[in-house]
Amino acid sequence: MRLCVISNPNSIHTHRWVDYFVGRGHEVTLIGDLPLRRAAPVGVDYVDLPGRQRGGKMRYAGWARSVRRIVRELRPDVLHAHYIASTGWLGAAAGYHPFLVTAWGSDLLVNAQRSVVQRQLARWVLRSADYVTCVSENLATVAQQLGADPGRLEVAPWGVDTEVFRAADDRDVLRGKLGIEQALTVMSIRSIKPVYNPLVIADAFGLVAQQEPAARFIVRTHNSNPDLLAAFRRRIDSAGAARSVSYTGDLADDRAIAEGYAASDIAVSVPSSDGTPSSVLEAMACGAVPVLSDLPSLHEWVSDGQDGLFVPVGDAGALAAAILRLVWDKELRSRLQANSAATIRSRGDRTHLMRRAEEIYETLAAGKNPWPAGPEVQLFGKS
């Protein structure tokens, strides 16, 4: 198939997505809406919109014309926009079919709630699409509330490469290989951005370090807000926990990310809103117990006290208490580590889920509705 994908060119999710389809032998054009900060995925025809045309809020008018022209010339079997805002607007403005759009999380849970204009744009994108996929049930509910046709809407998580993201045979041996101190390790797995509540994590890590000085903490700082990262470090320093905390930025590849998760006993992710975060599922696959914000989408994968622990959003004391509970209760920690890894193996294997994504493309390209529970309704006048 000839595919055209509009997505953030710097996102690891974009790279994994297009890498899969290139590997399957499909012809992929990737249109990026942000300045490229890393090499474009190998094997794609990359279109750099910011490089072609810059300039304020009016850039979308120019970009929309460019995308419309590119798509008309390319005539892909499927046009697919990842994310409802920005790339979704460009996909809808192209006026091309079949048009698929995927909701990631903040596009519907945050952006679409900010203003009437954002909500109307989200409605327009959802109603323009021939098919809508969402990475969680919670997102699918919001999409329906905004006008998505439930008969053309599917929950389609991305899944985890369980051949790469898997538990270590011996955590201490892996820690030694990575040069990490052989001690119980807690990792903050999201970037330092406001939505992920990093200062709550900093306060909680400080509290844990005061009560359990032997614990060690790793903080991922990829794609972070520099001012917020500086504030995070100040909180850690003021708590006297600087010697217990290490920081890691961009990691080389999925295997390096997986080793970091597998070397950790506990994985912390406490955002204010979320879809189905790949980082959480990957950490679970590697046997790190997730400690998570109590959000609806996360309950689709984690049962409190069975696969992980939930804490109220924004509550540093509750987060510290949950971490300490796992630090001090080895039996609970071991049980949750095993259960979380088993959950991903049974429900989240990427190979199976990406094959379903390919089926959606194939069915749309044939002019039919991919909805698994419905009839093969003819779409957009194709046979």
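None of the figures in this text is laboratory data; all of them are computed from the coordinates on show. None of these values were measured; they are calculated from a predicted model. Virtual Cβ from ideal backbone geometry, glycine too; neighbours counted across all protein chains shown.
Annotations
- Rounded to 10°, Cα long-axis angle of helix 116-128 versus longest principal axis of the chain: 60
- Working ranking of peptides 16-24, 335-343 by packing, defined as the average number of other Cβ atoms within 10 Å per residue, highest first, is 335-343, 16-24.
- Calculated FRET efficiency, Ala242 to Gln211, Cβ-Cβ distance, R0 = 25 Å: about 0.90 to the nearest 0.05.
- Square roots of 5 times each gyration tensor eigenvalue, C-alpha, region 1-116, largest first, Å: 21, 16, 15
- Highest-first arrangement of 287-293, 358-364, 178-184, where packing means the average Cβ count within 10 Å: 287-293, 358-364, 178-184
- Residue with peak Gaussian network fluctuation, the chain [Cα springs, cutoff 10 Å], from Lys330, Lys368, Lys193: Lys330
- If a spin label sat at a point 7 angstrom from the Cα of Gln113 along the line to its beta carbon, the backbone N atoms of region 236-278 nearer than 20 Å would be those of 269-278.
- For region 171-347, the relative contact order is 23 percent, taking Cα pairs closer than 8 Å that sit 6 or more residues apart in sequence and dividing their mean separation by the residue count.
- Average 1/r across all pairs of distinct alpha carbons in the chain, invert it, and you get the Kirkwood radius: 21.7 Å.
- Using θ = phi - 60° in the Karplus curve 6.51 cos²θ - 1.76 cosθ + 1.60, the 3J(HN,Hα) couplings for region 223-240 round to 6, 8, 7, x, 5, 5, 5, 5, 5, 4, 4, 5, 4, 4, 4, 5, 7, x Hz; x is entered for Gly and Pro.
- For region 171-347, the Cα-based Rg and Dmax, in that order, read 14.6, 43 Å.
- In order through region 21-26: 3J(HN,Hα) via Karplus (6.51 cos²θ - 1.76 cosθ + 1.60), integer Hz, x for Gly, Pro: 6, 4, x, 7, x, 8
- Within the chain: Cβ-based charge dipole about Cα centre, in debye rounded to nearest 20 (Lys, Arg +1; Asp, Glu -1): 1280
- Computed over region 115-250, the Cα gyration tensor eigenvalues convert (square root of 5λ each) into semi-axes of 39, 21, 12 Å, ordered from largest to smallest.
- Near Ala140: Cβ cut-off under 12 Å, other residues only, Lys/Arg at +1 and Asp/Glu at -1. The net charge is -3.
- This model, with +1 at the C-beta of Lys and Arg and -1 at the C-beta of Asp and Glu, gives region 171-347 a dipole about its Cα centre of some 340 debye.
- Relative contact order [Cα under 8 Å, 6+ residues apart], the chain, whole percent: 14
- The slack in the chain from Arg2 to Glu358, taken as 0.36 nm per residue of separation less the alpha-carbon distance, amounts to 126.9 nm.
- Residue among Val22, Pro35, Pro9 farthest towards the positive dipole end of region 9-57, charges placed on Cβ: Pro35
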